[in-house]
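This report refers to the structure that appears directly beneath it.
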């Protein structure tokens, strides 16, 4: 038989997860012009693109333009998409091993980390991921509800997602109506009574995880003022020393914006965004089972032995009255059936993308990329180099003859299996039908698109109901 990867015997690759890391796996393989690869992508949702569709803020449409590059990858005749197919239930590890030489897992990090403080499970306390998925129309979260009648809202964390949540809560209906936000979320936010939004950061301005464009945007909101306490905007000695040593232009810009906001006069807009630094929640306080306040401890910055600027608690506490709380302090992946997993890290056990057993030995034919590989770090584009590293390992292993030996290598074999086991799967053609309908509705409404937000509607629109 011809070598695996030849025209006569193409390399068969399964990709579980259709977010950025999954599509960058496809594009990286397509760069190997001398390698003949057939790639089948699976996603438990009917729609592709993962966090680009369901995680990127609806008012940041430019960030979603990467979908055009993913479309180009999907145009390859050797690419197939199977949406509405879940690994672990609709297809198993045994199924994949019987049909593919290599299996790539790019399932992301879909869950928020907990605060691990008393009262976190009170009514009105939510993960930021829930809220983001809800307003983005993710089918799993479309039925969720958030009490936007509350005037005071706290967001724990000051990373990208926390900034998105704050911005969405502070924007006017007219600003949001120009986006592809889910219709139900748009209507709920139109009725919002939120007046005060608090962003709570554990460390100081120089250690904030947001980017200069994000913090700049907070000062340009149509009907929301932004403020920072002057004592919290002022940098401590350790941060000043670190800034001078690192000379990071982005940090310098962040600090400059924070200083400006601390000196800016309020103009009487209907909402106020307050960005706090060096505070950590210690307890969520409730009344009748409902969030009514968050207790915070004031932190102080110090330089640790490794040179990093860290925060430690003082004996000063403060209660902040809020009726709604979102936590955004990091994300973690979830274990997949039959895949070695590092529970404390929330990632698949791996070395440069090669899946490993707990003893460090390589699991033949299994690979990973994206957040489930390295943890929730970086931006969308970071997944490109992450996937490249893993694909290079896959190609290297192929050259060594280290791969699975599937029984069924006909590209039609998996389709035949799914037609029996999961006949209402969606192909790429089906997805493009949904995409066209969403864009058409959006054009009629003067919006980028109007999303389908339920699996039932998606299946009905593609004749798979």
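Tell me, yes or no, whether the stretch 306-319 has at least one residue that is at negative phi and in a loop (DSSP other than H, G, I, E, B).
If we filter the stretch 306-319 for residues that are at negative phi, which is where we start, we get 306, 308-319.
Now drop any that are not in a loop (DSSP other than H, G, I, E, B), which leaves 306, 308.
Yes, the conditions are met somewhere in the stretch 306-319.
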- Item | Residue list for the stretch 367-406, filter: more than 22 Å from residue 332 (Cβ to Cβ), outside any helix (DSSP H, G or I) and out of contact with any helix residue (DSSP H, G or I) (no Cβ under 7 Å at 6 or more places or on another chain) | 400, 401, 402, 405
- Query: How many residues are out of contact with any strand residue (DSSP E or B) (no Cβ under 7 Å at 6 or more places or on another chain), outside any strand (DSSP E or B) and within 21 Å of residue 151 (Cα to Cα) if we restrict to the stretch 244-289?
  - Reply: 3
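Can you say whether residue 392 is under 29 Å from the mean Cα position of the chain (by Cα) and assigned by TED's automatic domain parsing to the domain that holds residue 89, as far as the supplied structure shows? Spell out how you get there, then give the answer.
Values: under 29 Å from the mean Cα position of the chain (by Cα): yes; assigned by TED's automatic domain parsing to the domain that holds residue 89: yes.
So residue 392 fits the description; yes.
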- Query: Looking at the stretch 88-102, is at least one residue buried (at least 16 other Cβ atoms within 10 Å of the Cβ) and within 23 Å of the chain's Cα centre (by Cα)?
  - Reply: no
- Query: Take the residues of the stretch 61-91 that are in a loop (DSSP other than H, G, I, E, B) and in contact (Cβ under 8 Å) with a residue 40 or more places away in the chain: which is nearest to residue 137 (Cα to Cα)?
  - Reply: 84
- Identify, from the list 432, 400, the residue that is surrounded by fewer than 13 Cβ atoms within 10 Å (Cβ to Cβ), at pLDDT 95 or above and more than 30 Å from residue 112 (Cα to Cα). 400
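The values are calculated or read from the model by the stated rules, or taken from the named source; none is laboratory data. A quick note: this is a predicted structure, and the numbers were derived from the prediction, not measured. Counting neighbours? That spans all protein chains shown, and the Cβs are built from the backbone with ideal geometry, glycine included.
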